[in-house]
Every structure is written in structure tokens, then in C-alpha cells.
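Asks: The structure is given below, and queries will be raised subsequently.
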Amino acid sequence: MCGIVGLFLKDKSLEPELGALLSSMLVTMTDRGPDSAGIAIYGDASGNNAKITIQSANPKKDFAGLEAELGQAVGAPVAIQVKSTHAVITLAKDLLDAGKAAVAELRPNVRIMSSGDAIEIYKETGLPKDVVSRFAVNSMAGTHGIGHTRMATRSAVTTLGAHPFSTGSDQCLVHNGSLSNHNNLRRELKREGMTFETENDTEVAAAYLTAEMAKGRISARRSKARWMTSMASSPSSSARNPASASCATQLPASPLSWPKRTSMSHSVRNTGRSSICPASRMPGSGSRSLQPSISGITRRSLDRHLMRILQGLLKHACH
């Protein structure tokens, strides 16, 4: 049982308050996830710079001198802002891949939390209020973000095991539930060149989304209702820049098995019930839906029911 929050701001005047608003929401979810917490903040993506958020178990040692070494490795100036066990590296967009490779070579013990034009991810073990305080999330500005409070059930309580997981540029995923076939899917994705930092099933889900998006198999706009149906038994939420307003519907949560080679869109949000956080302006084509078994409900009737709910919620929440 975990807690998921998400917020997309339509009023630009509220953007300086995004961190404070998300912090309050995250702390409210403490009883659903006291083991660890994490948050993804999407800021201004304008300009020619990109960001890499990194994490270290020994930040004093690993972050010392890194700015100069990294600048020399990529052949251009970089800036590093340290935030407790994390640090945000700012560099030119066209040097993003080179920067990530240089970090891995210069500091093998450092882990990359996220990278992209706008995203920053912060996560640690401990109560949500302590995680929020550690990274001064209250003072962060941005356009949208998602957060997660974790109550571990299948894997260890570690920083790397906390959510969100990011496996693609400006992408991240949080999840409440369990995936029964993640080991098989992990092996398949590894054969395709994906890498993994943990044994967490949610990291596999994030990698699967990234792989399918790269192949053009996912259309967020066309797949909202089917994604919602597919994930009805396992609430989750994913974000990309830009996101859209979040809407909610009540559905049960239980383990989910993902069929091989099945495309899916994103996203949802959970506060003790499953919800949808539809995306906007995401590339790709149509997709087929995942099909977990839902006892006592026919697939067709559930599709119709969820479509009606989705249309009503979008009408009220997104206009």
C-alpha cells in the first residue's frame, strides 16, 4: 500500500508554489507509505540547457570537484547545485548524453535519478516530511509534478528502491501495486539494451514504457481509456513534460500481470483509490490495451463504464 500524488498547474502565478503544494500532498500520504518518499518536479524547459539529477550515498566525497572534472570531460562549462544526497547538473542540451556517460565514468558510485530538459527527481528513505525537508521541496517552483510515499512489500527499503523511477528523458513513473511477471519482462528488456539499477518491479514498468515510446507504439491521447482499463488492478502514475490535469475514479487495486509485447499509454494517480493523470501533446500512434483478469466484469462493459467516467471527469477537471 503506497500513496501517490500529482499536480498540474494551469495558473502560472501558482508555479512558484508547486513545491509547497506537492509537499503538503505528499505528507498527507504518510500513513500509506512511511518507509520512503520521492518527488519529481518539472520546471521551465525553455532555453538551451538540460539537467541531470544524481544521488550519492557519500555526497561529500563524490560531489567534491565533480563540477570541474565533468566540465573538462564534456569540453564545456557545467553547473552543479548540491541538495543533500542529490545534486542537479546543468549543462547544454546537446551534451546531455555525454554528461551522463562522464558521470558514470568519473563517479561509478553515483546514481542518475533523472535527466531531461525539465525534470528533477529527489527521493530518500524516511518519513515523507523528513524527505521533503531534506531537499527543501517547499521552495521549488515548476509547472507540474508527481510524488510517492512507499510501504515496501516485495523489495528492500532503499533510496534506489524509492519512487519515482526514470528510465527516459523527462519521463518518470510511480506505482502502487505489484507486477507478477516483471522478472520475465526485465530479462526481455535487458536483451534489448535497457539497464536496471534495482530489482523493483516499478523500474521494469518505467523501462517498458520508455522502450515502447521509443518504438512509437504508444499514443497518450488515444490510449487514455484503455490504459485506465488495463491498469485498473494496479494504480500507477507516470508523467512527462508536459502533463495534464489529474482526475479520479474508484477502482480496486490488486496484482497485475503485463502480457508480452503489449503497448500501453500512461498514467494514473492514487490516494487510496486509483486515478488518471492524462497526458497532452505526447507523440506516437495508437496502442492496444493490457488485459488483466477482472472477475465478474466483462471487458466490453468495463470499457464502456470507464469511458463514461473518464469523459465526465475530463469535462469537469480539465476545462
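Asks: Any residue that is within 28 Å of M29 (Cα to Cα) and over 20 Å from the mean Cα position of the chain (by Cα) - is there at least one of those in region 94-111?
Replies: no
Asks: Would you mind finding the one in T198, T167, T229 that is farther than 28 Å from K12 by Cα, surrounded by 16 or more Cβ atoms within 10 Å (Cβ to Cβ), among the β-branched types (V, I, T) and at pLDDT 90 or above?
Replies: T167
Asks: Might you let me know whether region 69-89 holds any residue that is in contact with a Gly (Cβ under 8 Å, 6 or more places away or on another chain), crowded, with 19+ Cβ neighbours inside 10 Å and not hydrophobic (A, V, I, L, M, F, W, C)?
Replies: No, every residue in region 69-89 fails to be in contact with a Gly (Cβ under 8 Å, 6 or more places away or on another chain), crowded, with 19+ Cβ neighbours inside 10 Å and not hydrophobic (A, V, I, L, M, F, W, C).
Asks: Which of (1) surrounded by 15 or more Cβ atoms within 10 Å (Cβ to Cβ); (2) within 27 Å of D201 (Cβ to Cβ); (3) not hydroxyl-bearing (S, T, Y) is the odd one out, the single condition A92 does not satisfy?
Replies: (2)
Asks: Inside region 1-85, counting only strands (runs of 3 or more DSSP E) that do not spill past its ends, which hold 2 or more residues that are among the hydrophobic types (A, V, I, L, M, F, W, C) and over 17 Å from P164 (Cβ atoms)?
Replies: 79-83
Asks: Filtering region 205-219 down to residues that are hydrophobic (A, V, I, L, M, F, W, C) and over 15 Å from the mean Cα position of the chain (by Cα), which residue is modelled with the lowest pLDDT?
Replies: It comes out as I218.
Asks: In this structure, does V131 turn out to be of a type in the set (V, I, T), surrounded by 16 or more Cβ atoms within 10 Å (Cβ to Cβ) and without any contact (Cβ under 8 Å) to a residue 60 or more places away in the chain?
Replies: no
Asks: Which of (1) over 17 Å from the mean Cα position of the chain (by Cα); (2) closer than 18 Å to L21 by Cβ; (3) not in a helix (DSSP H, G or I) is the odd one out, the single condition T90 does not satisfy?
Replies: Among (1) over 17 Å from the mean Cα position of the chain (by Cα); (2) closer than 18 Å to L21 by Cβ; (3) not in a helix (DSSP H, G or I), the lone unmet condition for T90 is (2).
Asks: Collect the residues in region 20-34 that are closer than 10 Å to V132 by Cβ and among the hydroxyl-bearing types (S, T, Y), keeping them in residue-number order.
Replies: S23, S24, listed by residue number.
Asks: OK, next. Restricting to region 32-48, name every residue that is farther than 20 Å from S139 by Cβ and either of a type outside the set (D, E) or free of Cβ contacts under 8 Å to residues at least 24 places away in the same chain (or both).
Replies: Within region 32-48, R32, G33, P34, S36, S46, G47, N48 qualify.
Asks: Exactly one condition in (1) more than 25 Å from V132 (Cβ to Cβ); (2) within 22 Å of the chain's Cα centre (by Cα) is false for I39; which is it?
Replies: (1)
The values are calculated or read from the model by the stated rules, or taken from the named source; none is laboratory data. Predicted model only: the values in this text are computed from it and were never measured. Here the Cβ is made from the backbone with ideal geometry for all residues, glycine too, and neighbour counts use every protein chain on show.
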